[in-house]
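The values are calculated or read from the model by the stated rules, or taken from the named source; none is laboratory data. Source: prediction; values computed, not measured. Methodologically, a virtual Cβ is constructed for each residue, glycine included, from the backbone with ideal geometry; neighbour enumeration extends over all protein chains shown.
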Amino acid sequence: MNVIKTSIDGVLIIEPKVFGDTRGYFFESFSQREFDEKVAPILGHTIHFVQDNESMSTYGVMRGLHFQRPPYTQSKLVRCVKGAVLDVVVDIRKGSPTYGQHIECLLCGRDPEGERIAQQFAQESLTANPSPLTEGNPLTGSITDNRSTLTGKIGLQFFIPKGFAHGFAVLSDTAVFQYKCDEFYHPEADGGINILDESLGIDWRIPTDQALLSEKDTKHPLLQDFDSPFSLT
C-alpha cells in the first residue's frame, strides 16, 4: 500500500495495492503488519483498532463533525465501499499551528456510481492540480494542499488521528461507509462542532436545500464558541 502525507501532520491517505484480472480484483483492505511497518513510523506510535462500524446513507446526508472526548479519544481509518462521499477532518488541537484547518478527501467505492463520481472529480482535479496523487512512495509521498486530495482515485482510505473532528457528505445516490476505530464507542463522550460552520471554509458539494442533517448535528457549537478538550502534545 502507498501512504501519502497531507498538509496536516498525522492525517494520511492510504492507497491499497489492488490485484486485478479478468475475474475481478483482490486487495487487503487492512493489514496490521503493513500498517505497523508503514504508518506507525510516520505517527511515532502504533495503532490497534478495536471496533469496526458501517453506515448507509443517501444523497445529501451530512454527518459530523464528530469526535470522542478524552479519555475515550479515537483514531479512525475510514473508507467508502459503495458510492462516494466527501470526507473531511478539522484540526481541533489547542496549540496546533493548523488549528481550525481542514483536509478533504474524496472516497469512492469500486461500483459504477463510485467510479462515475471519481471520474468527475478527476477532470476537476486535473484542471486545478496538474499532477495530483500520481507520484510518491509509501513513506515519502506527500500532498501539500487539501484540494489535491480530491482526486479521481477509487478505493482510497483516510486515516484520522486523535484530536480531529470528522464528518462526511454523501455525493452518490447511496453510500456505504466503513470505519475502524482504536477506541470503543462511548456515547457519554460524544462531541462535535457544527458541520455548517461557514468559518471552516468547507465546500461540501451539497446544495443547502438538499442537505440532510440530524437535529443533533445542527446543535453542535461553532468553532469560535468551542472549547476544545484536545491539545497538541
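Here are the numbers:
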quantity: Selection within segment 6-64 - among the aromatic types (F, W, Y) and either touching a Cys at 6+ places or on another chain (Cβ under 6 Å) or in a loop (DSSP other than H, G, I, E, B) (or both); calculated: F27, F30, F49, Y59
quantity: Total residues in segment 154-209, condition among the hydroxyl-bearing types (S, T, Y) and under 20 Å from S96 (Cα atoms); calculated: 1
quantity: Subset of segment 83-103 [among the basic types (K, R) and either surrounded by fewer than 18 Cβ atoms within 10 Å (Cβ to Cβ) or modelled with pLDDT under 95 (or both)]; calculated: K94
quantity: Selection within segment 53-77 - polar (S, T, N, Q) and crowded, with 16+ Cβ neighbours inside 10 Å; calculated: S57, Q68, T73, Q74, S75
quantity: Search result, residues across segment 25-63 that are β-branched (V, I, T) and touching a residue at least 40 places away in the same chain (Cβ under 8 Å); calculated: V39, I42, I47, V50, T58, V61
quantity: Qualifying positions in segment 204-233 - part of a loop (DSSP other than H, G, I, E, B) and loosely packed, with under 11 Cβ neighbours inside 10 Å; calculated: P207, K219, D227, T233
quantity: Test: residue in segment 62-70 that is within 26 Å of L171 (Cα to Cα) and modelled with pLDDT under 95; calculated: yes
quantity: Qualifying residue in segment 25-37 (condition: closer than 28 Å to D173 by Cβ, loosely packed, with under 11 Cβ neighbours inside 10 Å and not polar (S, T, N, Q)); calculated: yes
quantity: Where a residue in segment 195-206 is in contact (Cβ under 8 Å) with a residue 40 or more places away in the chain and its partner, wherever it lies, is among the charged types (D, E, K, R), with Cβ under 6 Å and at least six apart; calculated: I195/D217
